[in-house]
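Note sheet for the following structure.
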Amino acid sequence: MNYFQLFDLPEQFELDLAELGSRYLALQKRFHPDNYAAGSERDRLLAVQQTANINDAYHSLKHPLLRAEHMLALRGIKLSNEQRSFTDPAFLMQQMELREQLAELATVVDPEQALYDIEQELQQQRKALLRALHQALASGTAAQDQLAAELVRKLKFFYKLQQELELIEQQLQD
Amino acid sequence: MALLQIAEPGQSAAPHQHKLAAGIDLGTTNSLVATVRSGEAKVLLNQAGEAMVPSVVQYGAKQVVVGSAAVAAAVSDPENTIVSVKRLMGKGYQETLALTEKLPYQLIEQSGLVAIETAAGVKNPVEVSAEILATLANTASQTLGGELNGVVITVPAYFDDAQRQATKDAAKLAGLNVLRLLNEPTAAALAYGLDSGQEGIIAVYDLGGGTFDISILRLRRGVFEVLATGGDSALGGDDFDQALVALLQQQHDQPNLSASARRQYQQQAKAIKERLTSSDSTDYSFSADGQQLSGSVSRQQFEDLISPLVKQTIRACRQSLRDAGLTADEVLKVVLVGGSTRVPLVRQQVAAFFGSEPLTSIDPDQVVAIGAAIQANVLVGNKADNETLLLDVIPLSLGIETMGGLTEKIIPRNTVIPVARAQEFTTFKDGQTAMAIHVVQGERELVEDCRSLARFELRGIPPMPAGGAHIRVTFQVDADGLLSVSAMEKSTGVQASIQVKPSYGLTDDQVAQMISGSMQYARQDMQQRLLREQQVEAERVLEAVSAALATDAALLNEHELATIRDALRQLAELKQQGDTAAIKAAIEHTNQLTDDFAARRMDKSIRLALQGHKVDEV
């Protein structure tokens, strides 16, 4: 299913999130199972399926990483659940270093400051990758699509790091 | 794809006819029923003039007593008098044993589930709840002068799948048509009309008799979104009472209490708690097991006792805000629900944490039932111009067991429902034709720390070499938060059959058996009821298809139109006759015939929804 078509939006990486949100709500209002609470059993079931689709589509387009994955899937490159080892040693080295910094956070003198520094660093890297991803997806050639897939794989690492960072932040606050 | 009845805004699908609907707050300590009459939602009084019906059921050898009359029996006949049955809903026998010191009845195991041995025989929590629901529905239909078309029943926001399913089973057993299970805090926000005119973040703090719920809702353009929920299914005013009971025991050096003395202490503790909402100190005097006991408790003493419990609730508030990615000062309104929010310490702490005075103008005991009634009125179709949409989230993550007893999350908590997620599995042996999948709910890494929901067996997988079969299992959660699972082998398209064995729930067969076995339904009644159900369903299908034809007949060619009209005529005729199976077959036939029509209408409707939306923007 093409989620962009579902929302009647152009198939591109750049997306107006507010516009997506209001289209999502318009569709939800129309199809939510509550509209069929007094309807026939099958209508209710279908409404559930339809809104589940709408929810899934919204979830996938909202997040840049999932949106890129969906675009690539539409172009025949399936990334979700792939079992593939990474072959960029420089990138892996950088990831390990970042991970070590995270692990040491609890022991440094000013964890708040260190946390802030890492967060800034992560954000910058992520932004750079997203910019590159945007460009690669816009070109639409097979080679650029492969590059985009590689960028998505890298971004996954960064989003995972961000999650771990937030967890540590919570622990520090507690 | 098949037919969906789509009413354009401001235009109802069928000629308007007022339907009877009620909202039911099925509470741990008390239950209430409310309805909308002349545009106003009100709690209904039973024949004794009470709004609140104690959720207490006494099973005597000769008769079943529900409500206030059973409360007295809780002291004289504790073994046969079930209180706070909501705590047992969807619970396993083993996990209930952990609570036994608080429960004075004979617990037994009923295929893994907990049940109670009473003078009237073995009763499970679903049956006990059904008694309460039937009593409330009876109050409603007597007041309204007719059978209810549908009800909305509220549940704590974090009720897991087994608990929600048990609630729905209880309604089915009571012969009620459930329009929706509604989260209690969402109902409370609806009662305050926060859905109209306001935009922003709302926190609903619900401290009832037996449960604590905190929900963070967001209101935007008439849409209610539950951003996060949290709480504790075993924390409430009962625990305040327990703390006081322990204090009284200490004051009088009574470490061990008989079942009936414990009830006496509990009633006394409750009264003390209530008096302490308005005074700084209170004296008490009562007798238990022939002993006369008296003394006094100060509010300070009481607050010292409950302070850790209140702090626990505030911690949960903080966690939920964090889950929602918000801070306390971003909360626009705080709604208080549940009788325990009358305790001054609770109000103080909530106001201090959120930095604003909470809303309290509606009776905190009634606010949930009132919200449920408002929603029931909308869902049953009495309010065609309704613009409110309730978007809910799944309260706990759904996952499956993987190698080494670890959980793999398939649908993370706080995902908007309805939702469907698919997962692929493969065989690990040559010629393997079956596979077992264990579904769990919870946030923890280890399967044993999560709640087991169900075990599924996939059968009928076509024999292939190891790793050759790819089975796609789809987990679907509906608007009530209830899970269903389907599976398909991808390369051959074979639909693998699924044997569902709920870990803490009743199978469909068991529910059917309970219905037919229940004293309320003699065999003939049962047949009548099945026929009635099919007739109602036939009526719904007829209405839906007719409405669809009225607006979209242009999407069909002449032949298609004639075939569908023919099927409708047949269905309408069969509906009048008494053959349940024939009606069922005619419904299925009509559904099949209209599948394609429905797909076309769906596409058209999506386009319309987006267009209408674009017009709105201009």
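The values are calculated or read from the model by the stated rules, or taken from the named source; none is laboratory data. The model shown is predicted, which means the values in this text are computed figures rather than measured ones. Because the Cβ atoms are built from the backbone with ideal geometry, glycine has one as well, and the counts that use them run over all protein chains shown.
Working only within the range B:427-464, note down all residues that are among the aliphatic types (A, V, I, L, M) and either part of a loop (DSSP other than H, G, I, E, B) or more than 25 Å from B:Gln165 (Cβ to Cβ) (or both).
In the first step, residues of the range B:427-464 are kept if they are among the aliphatic types (A, V, I, L, M); the result is B:434-437, B:439-440, B:446-447, B:453-454, B:458, B:461, B:464.
Passing the criteria: B:Ala434, B:Ile461, B:Met464.
Yes/no per residue for (1) more than 14 Å from chain B (Cβ to nearest Cβ); (2) aromatic (Phe, Trp, Tyr); (3) in contact with a Phe, Trp or Tyr (Cβ under 9 Å, 6 or more places away or on another chain):
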{"position": "A:Glu41", "(1), (2), (3)": "no, no, no"}
{"position": "A:Ala68", "(1), (2), (3)": "yes, no, yes"}
{"position": "A:Asp88", "(1), (2), (3)": "yes, no, no"}
{"position": "A:Asp117", "(1), (2), (3)": "yes, no, no"}
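Of all residues assigned to the range B:349-362, none qualifies as being touching a helix residue (DSSP H, G or I) at 6+ places or on another chain (Cβ under 9 Å), buried (at least 16 other Cβ atoms within 10 Å of the Cβ) and charged (D, E, K, R). Scanning the range A:9-33 for residues that are closer than 13 Å to A:Gln50 by Cβ, facing chain B (nearest Cβ under 7 Å) and not aliphatic (A, V, I, L, M) yields a count of 5.
Which strands (runs of 3 or more DSSP E) does the range B:125-219 wholly contain that include 1 or more residues that are within 15 Å of the chain's Cα centre (by Cα) and of a type outside the set (S, T, N, Q)? Spell out how you get there, then give the answer.
Values: elements: B:150-155, B:178-183, B:200-207.
Those strands (runs of 3 or more DSSP E) span B:150-155, B:178-183.
Annotation: of all residues in the range B:402-422 being at pLDDT below 85 and among the polar types (S, T, N, Q), the one that is nearest to B:Ala228 (Cα to Cα) is B:Asn414.
Taken over the range B:245-286, the residue count meeting the criterion of being modelled with pLDDT under 90 and of a type in the set (Gly, Ala, Ser) is 4.
Does at least one position in the range B:254-270 carry a residue that is without any contact (Cβ under 8 Å) to a residue 40 or more places away in the chain, hydroxyl-bearing (Ser, Thr, Tyr) and within 16 Å of B:Val83 (Cβ to Cβ)? Yes: one or more hits.
Could you please find all residues in the range B:321-349 being among the β-branched types (Val, Ile, Thr) and without any contact (Cβ under 8 Å) to a residue 60 or more places away in the chain? Don't jump to the end; show me each part of the working.
Step one: list which residues in the range B:321-349 are among the β-branched types (Val, Ile, Thr), which gives B:327, B:331, B:334-335, B:337, B:341, B:343, B:346.
B:Thr327, the sole residue that qualifies.
The set of residues from the range B:317-329 being on the phi < 0 side of the Ramachandran plot and surrounded by fewer than 19 Cβ atoms within 10 Å (Cβ to Cβ) comprises B:Arg318, B:Gln319, B:Arg322, B:Asp323, B:Leu326, B:Thr327, B:Ala328, B:Asp329. If the condition is being under 24 Å from the mean Cα position of the chain (by Cα), of a type outside the set (A, V, I, L, M, F, W, C) and buried (at least 22 other Cβ atoms within 10 Å of the Cβ), then the range B:31-66 contributes B:Ser31, B:Thr35, B:Ser55, B:Gln58. For the range B:365-383, the candidate set comprises residues that are polar (S, T, N, Q) and more than 16 Å from the chain's Cα centre (by Cα); within that set, the residue that is surrounded by the fewest Cβ atoms within 10 Å (Cβ to Cβ) is B:Asn382. Within the range B:388-421, being facing chain A (nearest Cβ under 10 Å) and closer than 24 Å to B:Met488 by Cβ holds for B:Thr415, B:Ile417, B:Pro418, B:Val419, B:Ala420, B:Arg421. Here A:Ala57, A:Ala47 are screened, and the one residue that is more than 24 Å from A:Lys127 (Cβ to Cβ), within 16 Å of the chain's Cα centre (by Cα) and surrounded by 21 or more Cβ atoms within 10 Å (Cβ to Cβ) is A:Ala57.
Out of A:Leu133, A:Leu105, A:Leu79, A:Leu98, I need the residue that is outside the structural domain of A:Leu9 (by TED's automatic domain parsing), touching a residue at least 60 places away in the same chain (Cβ under 8 Å) and more than 17 Å from A:Tyr159 (Cα to Cα). Which one? Reasoning before the result, please.
On the way: A:Leu133 fails: more than 17 Å from A:Tyr159 (Cα to Cα); A:Leu79 fails: more than 17 Å from A:Tyr159 (Cα to Cα); A:Leu98 fails: more than 17 Å from A:Tyr159 (Cα to Cα).
Selected residue: A:Leu105, the only one of A:Leu133, A:Leu105, A:Leu79, A:Leu98 that is outside the structural domain of A:Leu9 (by TED's automatic domain parsing), touching a residue at least 60 places away in the same chain (Cβ under 8 Å) and more than 17 Å from A:Tyr159 (Cα to Cα).
Considering only residues in the range A:43-66 that are within 23 Å of A:Val152 (Cβ to Cβ) and of a type in the set (Ser, Thr, Tyr), the one that is nearest to the other protein chains (Cβ to nearest Cβ) turns out to be A:Tyr58.
Here is a list: B:Ala130, B:Ala119, B:Ala74. Which entry is at pLDDT 95 or above and either buried (at least 19 other Cβ atoms within 10 Å of the Cβ) or not polar (S, T, N, Q) (or both)? Just one listed residue meets the conditions, B:Ala130.
When you go through A:Ala68, A:Ala18, A:Ala57, A:Ala26 one by one, which is the residue that is touching a residue at least 60 places away in the same chain (Cβ under 8 Å), in a helix (DSSP H, G or I) and outside the structural domain of A:Gln123 (by TED's automatic domain parsing)?
On the way: A:Ala18 fails: touching a residue at least 60 places away in the same chain (Cβ under 8 Å); A:Ala57 fails: touching a residue at least 60 places away in the same chain (Cβ under 8 Å); A:Ala26 fails: touching a residue at least 60 places away in the same chain (Cβ under 8 Å).
Residue meeting the stated conditions: A:Ala68.
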